[in-house]
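Visitor: The following block contains the structure, expressed as structure tokens.
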Ligand code: SIN
């Protein structure tokens, strides 16, 4: 039987991190080459052929347009290559949810695309990187893995890009899904999917943009004034995502300034700074009157990515932006 061929795109992160000590505290994310990780994976006896393609060797705090463009192009080429069964992206955990959502919005859903990372560097005792990679291989090779959009595999769980977020900074069980939990449980030898693929053979939802417009996240805090809104408009933001209190709220002066911005054509999306924040329209804030959009279950970081993609695709009116958040 021929083994499935999996393209592994390396970007760095802690999964490619080296501490130089199995028990030390400090380490450098992205220090190890992808080839070193694939050499280690070769000893695991995986039922797949892994083909490596380095994209970057960085901590994911530096992930941006250049790396995203290269990832998107490589994924698109692999989606059209009948020899490739699935795609794995090794990625830092800090911004995995942003890259996952951006690719989820802009890639066809036919083949599995899986981000994997690690919370412990590759040379740390109890490192989780190779396990997450082996689990990613199981998902990317599974005939049931396609048609589910981009996924993140961490801690023996599979999350959909729309749901996933990093919810802890220290332990290996650091990722959570909201509003849905994991869509599958996985080990290197077994996958239990909790439902059927929902996007089988679906085309990309949005075109890959020429660039991403400037959209900022404004975190609300008690006692703040409206000056940060003025500052963001002053640097040319085309959109503002409010990381609001509770139901996406903010002091009255801030909401007034954001409403004025919305009236002037700036897209304003209300999300919540609360970890499991669900922001619905017109609950505490009159979105209809103020021209705002409610982010629903998307947290600030992912709401920013969706808004950037929408604006880049010419969708900027509050009704159109709201429909995209509603239909995610
Ligand atoms: C990073 O995101 O690159 C550093 C943290 C990690 O990978 O866990």
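Visitor: Quick check on the stretch 202-220. Is at least one of its residues in contact with a strand residue (DSSP E or B) (Cβ under 9 Å, 6 or more places away or on another chain), more than 20 Å from residue 307 (Cα to Cα), touching a residue at least 12 places away in the same chain (Cβ under 8 Å) and not in a helix (DSSP H, G or I)?
Guide: The answer is no, given that none of the residues of the stretch 202-220 is in contact with a strand residue (DSSP E or B) (Cβ under 9 Å, 6 or more places away or on another chain), more than 20 Å from residue 307 (Cα to Cα), touching a residue at least 12 places away in the same chain (Cβ under 8 Å) and not in a helix (DSSP H, G or I).
Visitor: Do the conditions hold for residue 315, that is, is it touching a residue at least 60 places away in the same chain (Cβ under 8 Å) and in the same structural domain as residue 253 (by TED's automatic domain parsing)?
Guide: no
Visitor: Take the residues in the stretch 105-122 that are away from the ligand (no atom under 14 Å from the Cβ) and touching a residue at least 60 places away in the same chain (Cβ under 8 Å); name whichever of them is surrounded by the fewest Cβ atoms within 10 Å (Cβ to Cβ).
Guide: Result: 110.
Visitor: Oh, and also: Return yes when residue 12 is under 22 Å from residue 125 (Cβ atoms) and at pLDDT below 95 and no when it is not.
Guide: Against the criterion (under 22 Å from residue 125 (Cβ atoms) and at pLDDT below 95), residue 12 does not qualify.
Visitor: Would you check if residue 25 is farther than 19 Å from residue 115 by Cβ, within 16 Å of the ligand (Cβ to nearest atom) and modelled with pLDDT under 95?
Guide: yes
Visitor: Considering only the stretch 37-50, I want to know if a residue exists there that is within 16 Å of the ligand (Cβ to nearest atom), touching a residue at least 60 places away in the same chain (Cβ under 8 Å) and more than 19 Å from residue 158 (Cα to Cα).
Guide: yes
Visitor: Condition first: under 27 Å from the mean Cα position of the chain (by Cα) and surrounded by fewer than 22 Cβ atoms within 10 Å (Cβ to Cβ). Now tell me which residues in the stretch 245-264 satisfy that.
Guide: Passing the criteria: 245, 246, 247, 249, 262.
Yes or no, residue by residue, for (1) in a strand (DSSP E or B); (2) under 21 Å from residue 75 (Cβ atoms):
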| residue | (1), (2) |
| --- | --- |
| 103 | no, yes |
| 109 | no, yes |
| 115 | yes, yes |
| 139 | no, yes |
| 152 | yes, yes |
| 165 | yes, no |
| 170 | no, no |
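Visitor: Let me ask something additional. Being without any contact (Cβ under 8 Å) to a residue 40 or more places away in the chain and under 19 Å from residue 212 (Cβ atoms) narrows it down to one of 277, 320, 291, so name that one.
Guide: Matching residue, one of 277, 320, 291: 320.
The values are calculated or read from the model by the stated rules, or taken from the named source; none is laboratory data. Being a predicted model, the structure only gives us computed values, none of them experimental. In this analysis, Cβ positions are derived from the backbone assuming ideal geometry, glycine residues included, and neighbour counts consider all displayed protein chains.
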